[in-house]
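The next block holds one structure in the form of structure tokens; read it before the comments.
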Amino acid sequence: MNRINLEILIQILIELFLSALILVGLQNGRLNLFVHPKFNTILAISAIILIAIAVFSMSKLFKPRHMNNLCRYFIVIIPLMMVFYMSKDLVVAMLSTTQSPSVIKAESKAGGTGASSGINRTEKIKRTVYKKERGKDYIDITDVKYMKWYYDSILDWKRYKGTKFRLLCCVLDDKQNNGDFAVIGRMGMLCCMADLQTCGFIYEEKDTHNLKRGQWYIVEGEIKENNYREYNYERLPIIFNVKFTKTDEPKDKFVYIQ
């Protein structure tokens, strides 16, 4: 055992451990709580490269050194330990009150409301007009198009007056203004955990008290502009005339720009 190079051994174990974390995280979807799925291929390749480096390092495993420098490897212990304590519920709880990064900047420059000012900066982006499918009395919003739909429509809810939308929502917050209203919708990710944004709606009907944070529903309802209620310094749209159908938590809690 004295002939084993401890520094190389620790290096190999760390490389194999990190590659295992990446591969398991990709398999169970947990990694996409932190990064956009578009990076999954790059992460998988990174895991394979780490395994390859570990394999090539084994040739040095039985070439002992008189002075092993082990201290530098302990710096990775803290982030590795944190991986075991981070759960989906913890991440969502920490970030459910996150607002769009562009909101405060746009508001301070333009002096408008959070949602509208944030979108003014991207007015030149081509917007999609969403329509009902044949045989349906609502516009079906899937997870794939949720985030783009949200920002396409944020300044133009009047276009959809009298139109119902059907979408999968989570109760993001249930205690606003002493339970006077709740926030339902999804958390949206552009690139990584740092830019997670609230893509949700204010719900202020009489049965608001029945909604509890973390519950999931298939929601059918109409949406209108909000001119009076603020949530986390934003005026999120208001959803009303709503039908709730309870459902199971999806594999992907977040929605992404595709």
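The values are calculated or read from the model by the stated rules, or taken from the named source; none is laboratory data. This structure is a prediction, so every number in the text was calculated from the model and none was measured. As a convention, Cβ positions derive from the backbone with ideal geometry for all residues, glycine included, and neighbour counts pool all protein chains shown.
Structure notes:
- Qualifying position, being in contact with an Asp or Glu (Cβ under 6 Å, 6 or more places away or on another chain) and under 26 Å from Lys251 (Cα atoms), among Leu236, Leu190, Leu211, Leu196: Leu211
So that you can scan it fast, the table gives a plain yes or no per residue for (1) in the same structural domain as Asp140 (by TED's automatic domain parsing); (2) at pLDDT below 90; (3) under 27 Å from Val35 (Cα atoms); (4) surrounded by 13 or more Cβ atoms within 10 Å (Cβ to Cβ):
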residue: Val183; (1), (2), (3), (4): yes, no, yes, yes
residue: Asp207; (1), (2), (3), (4): yes, yes, no, no
residue: Asn210; (1), (2), (3), (4): yes, yes, no, no
residue: Phe240; (1), (2), (3), (4): yes, no, no, yes
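- Members of the stretch 215-233 that are touching a Cys at 6+ places or on another chain (Cβ under 9 Å) and buried (at least 16 other Cβ atoms within 10 Å of the Cβ): Gln215, Trp216, Tyr217, Val219
- Extreme residue, farthest from the chain's Cα centre (by Cα), among residues of the stretch 123-176 that are assigned to a strand (DSSP E or B) and among the aromatic types (Phe, Trp, Tyr): Tyr138
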